[in-house]
Amino acid sequence: MSHTPVNESFHYCPQCGEGSSGCPRSSDERFVCPACSFCLYFNPAGAVAAIIQDTQGRILFIRRKKDPAKGKLSLPGGFINSGESVEDALSRETREEVNLEIVSANFICSAPNNYNYRGITYPVTDLFFSASVRTFDSISPQETEVTAIEFLPPSEKTMEQLAFPSLKHALIQFNYQT
C-alpha cells in the first residue's frame, strides 16, 4: 500500500472548496489557498509512550493488534487528545492499554515519527517517559489495539521487532540514562 504525506492529501481548500489546481502548496509545512488566503499548517501530532520496567529490569511491551505495524512490539502509549496534558495522556493511554496506574514519570527524549494510517502518512512527535507504576497486579491488555503484553530485555532481538524507529531511539536513550 502506498502512503501519501498528509500535506499532499488535500485536493480542495478546506475553507472555500477551491480545487487543488488553484491551491498549490507553498511548502511541505503548509497549504495556502490563493482564492481565499486560507493557510493550513501541517504540524506534527503529539504522542506519548511509557517505558516501564519490572523488578528484573525487563521492559513492558505490547503487541500491536492493528496496523500500522500489526504484530510488532510497542510501548504503552498513544496520541495526546486536544486539551489534554502530556502527563494526563501518558496516564490515560497506559491505563487504557495495559490497565496500570502510573505514579511517577520522567521525560527521556522526543523523536520524530511517521504514522502511516489508511494511505496517509501523518507526521508525529513522540514523547518518551520512564514511568513507575503502583503495582503490576492489575496488568492486562485492555484495548482493541493490544493483543499481548510481554516483559522483555532491551536486546537486539527485541529491537528488531519494534513497530517504529522512534521506539529504538528512545530505548537507546533510556539505556544511557539508567
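The values are calculated or read from the model by the stated rules, or taken from the named source; none is laboratory data. If you're wondering where the values come from, they're calculated on a predicted model, not measured in any experiment. Reconstructed Cβ throughout: ideal geometry from the backbone, glycine too, with neighbour counts over all protein chains shown. Accessible surface is based on the protein model in full, side chains and every heavy atom, while ligands, DNA and RNA are left aside. Shrake-Rupley method; radii C 1.70, N 1.55, O 1.52, S 1.80 Å.
Quick notes
- Matching residues in region 132-171 - criterion: being closer than 21 Å to Ile108 by Cβ and of a type in the set (S, T, N, Q): Ser132, Ser155, Thr158, Gln161, Ser166
- Looking across region 53-84 at every residue that is part of a strand (DSSP E or B) and open to solvent by 40 Å² or more (accessible area, probe 1.4 Å), the one that is nearest to Tyr117 (Cα to Cα) is identified as Phe79.
- The sole residue among Ala89, Ala50, Ala148 that is surrounded by fewer than 15 Cβ atoms within 10 Å (Cβ to Cβ) and either in contact with a strand residue (DSSP E or B) (Cβ under 7 Å, 6 or more places away or on another chain) or at positive phi (or both) is Ala148.
- Filtered residue count, region 129-145, keeping only those that are open to solvent by 60 Å² or more (accessible area, probe 1.4 Å) and of a type in the set (Val, Ile, Thr): 1
- Matching residues in region 14-26 - criterion: being open to solvent by less than 70 Å² (accessible area, probe 1.4 Å), under 17 Å from Asn43 (Cα atoms) and modelled with pLDDT of 75 or more: none
- Val103 touching a Ser or Thr at 6+ places or on another chain (Cβ under 9 Å), β-branched (Val, Ile, Thr) and open to solvent by 40 Å² or more (accessible area, probe 1.4 Å): yes
- Answer residue from region 28-44, given it is open to solvent by 40 Å² or more (accessible area, probe 1.4 Å) and touching a residue at least 40 places away in the same chain (Cβ under 8 Å) and is nearest to Glu145 (Cα to Cα) among those: Pro44
- Listed by first and then second residue, the pairs linking a residue in region 153-169 that is more than 23 Å from Thr55 (Cα to Cα) to a residue that is aliphatic (A, V, I, L, M) and assigned to a loop (DSSP other than H, G, I, E, B), with Cβ atoms under 7 Å apart and 6 or more places separating them unless they lie on different chains, are Ala163/Ala69; Phe164/Ala69.
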